[in-house]
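Okay, so here's the structure we're looking at.
The values are calculated or read from the model by the stated rules, or taken from the named source; none is laboratory data. This structure is a prediction, so every number in the text was calculated from the model and none was measured. Don't worry about glycine lacking a Cβ; one is built from the backbone with ideal geometry, like all the others, and counts go over all protein chains shown.
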Amino acid sequence: LVAVDGAAKMATFREKDASGADVEIVRDFDFLHVTPPQVAADAVRDSPLADAAGWIDVDQATLRHKKYANVFALGDACNAPNAKTAAAARKQAPIVAENLLAAMAGAPAPFVYDGYGSCPLTVERGKIVLAEFGYGGKLLPTFPKWLNDGVRPSGLAWMLKAKILPWVYWNLMFRGHEWFAAPSNRNPAA
(Lines give C-alpha, C1' and ligand atoms only; values in the text may rest on other atoms or scores of the structure.)
Protein backbone atom coordinates (compact mmCIF):
# COMPACT_ATOMS: atom_id res chain seq x y z
CA LEU A 1 0.00 0.00 0.00
CA VAL A 2 1.57 3.28 -1.05
CA ALA A 3 -1.34 5.75 -1.08
CA VAL A 4 -4.94 6.12 0.05
CA ASP A 5 -7.44 8.64 -1.33
CA GLY A 6 -10.16 8.43 1.31
CA ALA A 7 -12.52 10.89 -0.39
CA ALA A 8 -12.42 8.94 -3.66
CA LYS A 9 -12.25 5.57 -1.84
CA MET A 10 -9.21 4.51 -3.87
CA ALA A 11 -6.09 2.72 -2.63
CA THR A 12 -2.82 2.46 -4.55
CA PHE A 13 -0.66 -0.64 -4.13
CA ARG A 14 2.83 -1.33 -5.44
CA GLU A 15 3.40 -4.89 -6.58
CA LYS A 16 5.89 -6.77 -8.71
CA ASP A 17 4.80 -7.99 -12.14
CA ALA A 18 5.93 -11.26 -13.76
CA SER A 19 9.23 -9.68 -14.84
CA GLY A 20 9.95 -8.37 -11.33
CA ALA A 21 9.28 -4.72 -12.19
CA ASP A 22 7.32 -2.51 -9.79
CA VAL A 23 3.77 -1.83 -10.93
CA GLU A 24 1.22 0.44 -9.25
CA ILE A 25 -2.32 -0.87 -9.03
CA VAL A 26 -5.24 1.35 -8.01
CA ARG A 27 -8.28 -0.32 -6.44
CA ASP A 28 -11.53 1.09 -5.10
CA PHE A 29 -12.76 0.14 -1.64
CA ASP A 30 -15.76 0.44 0.64
CA PHE A 31 -13.81 -0.49 3.75
CA LEU A 32 -10.02 -0.54 4.06
CA HIS A 33 -8.27 -2.14 7.03
CA VAL A 34 -4.53 -1.49 6.92
CA THR A 35 -1.90 -2.95 9.23
CA PRO A 36 1.67 -1.70 9.40
CA PRO A 37 4.45 -4.05 8.33
CA GLN A 38 5.46 -6.38 11.13
CA VAL A 39 9.10 -7.22 11.78
CA ALA A 40 10.82 -9.08 14.57
CA ALA A 41 13.06 -7.25 17.04
CA ASP A 42 16.75 -6.90 16.12
CA ALA A 43 17.74 -9.27 18.94
CA VAL A 44 15.57 -11.96 17.36
CA ARG A 45 16.45 -11.25 13.72
CA ASP A 46 20.18 -11.32 14.46
CA SER A 47 20.11 -14.56 16.47
CA PRO A 48 20.63 -18.18 15.38
CA LEU A 49 17.02 -18.83 16.43
CA ALA A 50 15.66 -16.82 13.49
CA ASP A 51 14.45 -18.06 10.13
CA ALA A 52 15.36 -16.27 6.87
CA ALA A 53 12.62 -13.67 7.48
CA GLY A 54 13.94 -12.89 10.98
CA TRP A 55 11.30 -14.60 13.15
CA ILE A 56 11.99 -17.36 15.69
CA ASP A 57 11.58 -20.53 13.63
CA VAL A 58 8.92 -22.64 15.37
CA ASP A 59 6.59 -25.45 14.45
CA GLN A 60 3.28 -23.62 14.00
CA ALA A 61 1.34 -26.25 15.96
CA THR A 62 3.59 -26.95 18.98
CA LEU A 63 5.43 -23.57 19.00
CA ARG A 64 8.67 -25.49 19.60
CA HIS A 65 11.78 -24.38 17.73
CA LYS A 66 12.46 -26.44 14.61
CA LYS A 67 16.20 -26.78 15.34
CA TYR A 68 16.65 -26.23 19.08
CA ALA A 69 14.36 -28.61 20.99
CA ASN A 70 14.76 -26.69 24.26
CA VAL A 71 13.40 -23.45 22.77
CA PHE A 72 9.75 -22.44 22.49
CA ALA A 73 8.44 -19.08 21.29
CA LEU A 74 5.16 -17.23 21.10
CA GLY A 75 3.67 -13.86 20.30
CA ASP A 76 5.29 -11.27 18.08
CA ALA A 77 8.67 -13.04 18.04
CA CYS A 78 7.71 -16.34 16.40
CA ASN A 79 7.06 -17.17 12.77
CA ALA A 80 3.67 -18.81 13.28
CA PRO A 81 1.54 -17.55 10.36
CA ASN A 82 -1.11 -15.94 12.54
CA ALA A 83 -2.17 -12.44 13.50
CA LYS A 84 0.35 -10.87 15.87
CA THR A 85 -2.23 -9.86 18.47
CA ALA A 86 -2.53 -9.96 22.25
CA ALA A 87 -5.40 -12.41 21.79
CA ALA A 88 -3.05 -14.74 19.93
CA ALA A 89 -0.35 -14.50 22.60
CA ARG A 90 -2.85 -15.22 25.39
CA LYS A 91 -3.87 -18.43 23.59
CA GLN A 92 -0.25 -19.38 22.83
CA ALA A 93 1.08 -18.90 26.38
CA PRO A 94 -0.69 -21.84 28.05
CA ILE A 95 0.13 -24.09 25.08
CA VAL A 96 3.82 -23.20 25.33
CA ALA A 97 3.72 -23.73 29.11
CA GLU A 98 2.14 -27.19 28.82
CA ASN A 99 4.37 -28.23 25.91
CA LEU A 100 7.50 -26.99 27.70
CA LEU A 101 6.61 -28.97 30.83
CA ALA A 102 6.06 -32.06 28.68
CA ALA A 103 9.42 -31.54 26.93
CA MET A 104 11.17 -31.25 30.30
CA ALA A 105 9.58 -34.59 31.27
CA GLY A 106 10.71 -36.18 27.99
CA ALA A 107 7.15 -36.47 26.66
CA PRO A 108 5.74 -35.27 23.32
CA ALA A 109 3.94 -31.93 23.12
CA PRO A 110 0.39 -32.57 24.38
CA PHE A 111 -1.26 -29.50 22.83
CA VAL A 112 -1.33 -27.72 19.48
CA TYR A 113 -2.01 -24.09 18.60
CA ASP A 114 -4.75 -23.54 16.02
CA GLY A 115 -3.66 -20.04 14.98
CA TYR A 116 -6.29 -18.24 17.07
CA GLY A 117 -6.23 -14.47 16.88
CA SER A 118 -8.75 -11.71 17.33
CA CYS A 119 -8.99 -8.25 15.86
CA PRO A 120 -11.59 -5.55 16.53
CA LEU A 121 -12.45 -3.80 13.27
CA THR A 122 -14.12 -0.46 13.91
CA VAL A 123 -16.68 0.13 11.17
CA GLU A 124 -18.55 3.04 12.76
CA ARG A 125 -18.75 4.78 16.11
CA GLY A 126 -20.36 2.39 18.53
CA LYS A 127 -20.01 -0.73 16.37
CA ILE A 128 -17.19 -3.13 15.62
CA VAL A 129 -16.68 -6.47 14.00
CA LEU A 130 -14.79 -8.49 16.61
CA ALA A 131 -13.21 -11.04 14.31
CA GLU A 132 -11.93 -14.26 15.88
CA PHE A 133 -10.08 -16.56 13.51
CA GLY A 134 -7.38 -19.19 13.19
CA TYR A 135 -5.00 -20.53 10.59
CA GLY A 136 -6.37 -20.21 7.07
CA GLY A 137 -8.95 -17.63 8.15
CA LYS A 138 -11.11 -20.28 9.83
CA LEU A 139 -13.63 -18.63 12.17
CA LEU A 140 -12.95 -19.58 15.81
CA PRO A 141 -15.61 -17.83 17.90
CA THR A 142 -15.28 -17.85 21.68
CA PHE A 143 -18.32 -15.73 22.53
CA PRO A 144 -21.97 -16.65 22.01
CA LYS A 145 -23.28 -15.42 18.66
CA TRP A 146 -25.83 -13.10 20.32
CA LEU A 147 -22.91 -11.22 21.92
CA ASN A 148 -20.44 -11.34 19.06
CA ASP A 149 -21.31 -12.52 15.57
CA GLY A 150 -17.69 -12.24 14.40
CA VAL A 151 -18.58 -11.24 10.85
CA ARG A 152 -21.16 -8.47 11.37
CA PRO A 153 -20.87 -5.08 13.12
CA SER A 154 -22.32 -5.08 16.61
CA GLY A 155 -22.94 -2.56 19.37
CA LEU A 156 -22.62 -5.34 21.95
CA ALA A 157 -19.18 -6.25 20.57
CA TRP A 158 -18.24 -2.53 20.81
CA MET A 159 -19.26 -2.50 24.50
CA LEU A 160 -17.38 -5.74 25.10
CA LYS A 161 -14.20 -4.29 23.56
CA ALA A 162 -14.51 -0.74 24.93
CA LYS A 163 -15.82 -1.33 28.44
CA ILE A 164 -15.63 -4.95 29.55
CA LEU A 165 -12.42 -6.42 28.08
CA PRO A 166 -10.12 -3.62 29.37
CA TRP A 167 -11.33 -4.29 32.93
CA VAL A 168 -11.02 -8.05 32.42
CA TYR A 169 -7.51 -7.58 30.99
CA TRP A 170 -6.16 -5.45 33.85
CA ASN A 171 -8.00 -7.15 36.72
CA LEU A 172 -8.11 -10.78 35.63
CA MET A 173 -5.98 -11.77 32.62
CA PHE A 174 -2.96 -9.67 33.60
CA ARG A 175 -3.03 -11.30 37.04
CA GLY A 176 -3.20 -14.84 35.72
CA HIS A 177 -6.96 -15.39 35.99
CA GLU A 178 -8.05 -16.43 32.52
CA TRP A 179 -10.90 -18.11 30.74
CA PHE A 180 -11.09 -19.30 27.15
CA ALA A 181 -7.28 -19.65 27.02
CA ALA A 182 -6.73 -23.08 28.55
CA PRO A 183 -5.27 -25.46 25.96
CA SER A 184 -7.98 -27.60 24.43
CA ASN A 185 -6.59 -28.81 21.11
CA ARG A 186 -4.86 -32.10 21.88
CA ASN A 187 -1.89 -33.07 19.76
CA PRO A 188 -2.81 -36.32 17.99
CA ALA A 189 0.90 -37.23 17.92
CA ALA A 190 1.16 -37.10 21.73
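For region 176-185, state whether one or more residues are in contact with an Asp or Glu (Cβ under 7 Å, 6 or more places away or on another chain), within 23 Å of ASP57 (Cβ to Cβ), modelled with pLDDT under 95 and crowded, with 18+ Cβ neighbours inside 10 Å. Yes, there is a match, as at least one residue in region 176-185 is in contact with an Asp or Glu (Cβ under 7 Å, 6 or more places away or on another chain), within 23 Å of ASP57 (Cβ to Cβ), modelled with pLDDT under 95 and crowded, with 18+ Cβ neighbours inside 10 Å. Is it true that THR12 is surrounded by 13 or more Cβ atoms within 10 Å (Cβ to Cβ) and closer than 30 Å to MET173 by Cα? For THR12, the condition - surrounded by 13 or more Cβ atoms within 10 Å (Cβ to Cβ) and closer than 30 Å to MET173 by Cα - is not met.
Taken together, the residues in region 133-168 that are without any contact (Cβ under 8 Å) to a residue 12 or more places away in the chain and part of a helix (DSSP H, G or I) amount to 10.
Residues that are under 30 Å from LYS66 (Cβ atoms) and loosely packed, with under 13 Cβ neighbours inside 10 Å within region 21-40 comprise THR35, PRO36, PRO37, GLN38, VAL39, listed in sequence order.
The residue that is nearest to the chain's Cα centre (by Cα), among those in region 100-118 that are without any contact (Cβ under 8 Å) to a residue 40 or more places away in the chain and surrounded by 15 or more Cβ atoms within 10 Å (Cβ to Cβ), is GLY117.
Any residue in region 35-48 that is of a type in the set (Val, Ile, Thr) and either within 30 Å of GLY6 (Cβ to Cβ) or touching a residue at least 60 places away in the same chain (Cβ under 8 Å) (or both)?
Going through region 35-48, the residues of a type in the set (Val, Ile, Thr) turn out to be 35, 39, 44.
Narrowing further to those that are either within 30 Å of GLY6 (Cβ to Cβ) or touching a residue at least 60 places away in the same chain (Cβ under 8 Å) (or both): 35, 39.
Yes, the conditions are met somewhere in region 35-48.
Would you confirm whether or not region 115-122 contains a residue that is in contact with a Phe, Trp or Tyr (Cβ under 8 Å, 6 or more places away or on another chain), under 23 Å from LEU49 (Cα atoms) and not in a strand (DSSP E or B)? Yes: one or more hits.
Checked against the criterion of being assigned by TED's automatic domain parsing to the domain that holds ASN70 and in contact with a helix residue (DSSP H, G or I) (Cβ under 6 Å, 6 or more places away or on another chain), region 89-105 contains one or more residues that satisfy it.
Is there a residue being closer than 24 Å to VAL34 by Cα, touching a Lys or Arg at 6+ places or on another chain (Cβ under 9 Å) and surrounded by 14 or more Cβ atoms within 10 Å (Cβ to Cβ) anywhere in region 129-137?
Within region 129-137, the first condition is being closer than 24 Å to VAL34 by Cα, and the residues that meet it are 129-137.
Then drop every residue that is not touching a Lys or Arg at 6+ places or on another chain (Cβ under 9 Å), which leaves 129-130.
In the following step, the residues that additionally are surrounded by 14 or more Cβ atoms within 10 Å (Cβ to Cβ) were identified as 129-130.
Taking every residue of region 129-137 in turn, at least one turns out to be closer than 24 Å to VAL34 by Cα, touching a Lys or Arg at 6+ places or on another chain (Cβ under 9 Å) and surrounded by 14 or more Cβ atoms within 10 Å (Cβ to Cβ).
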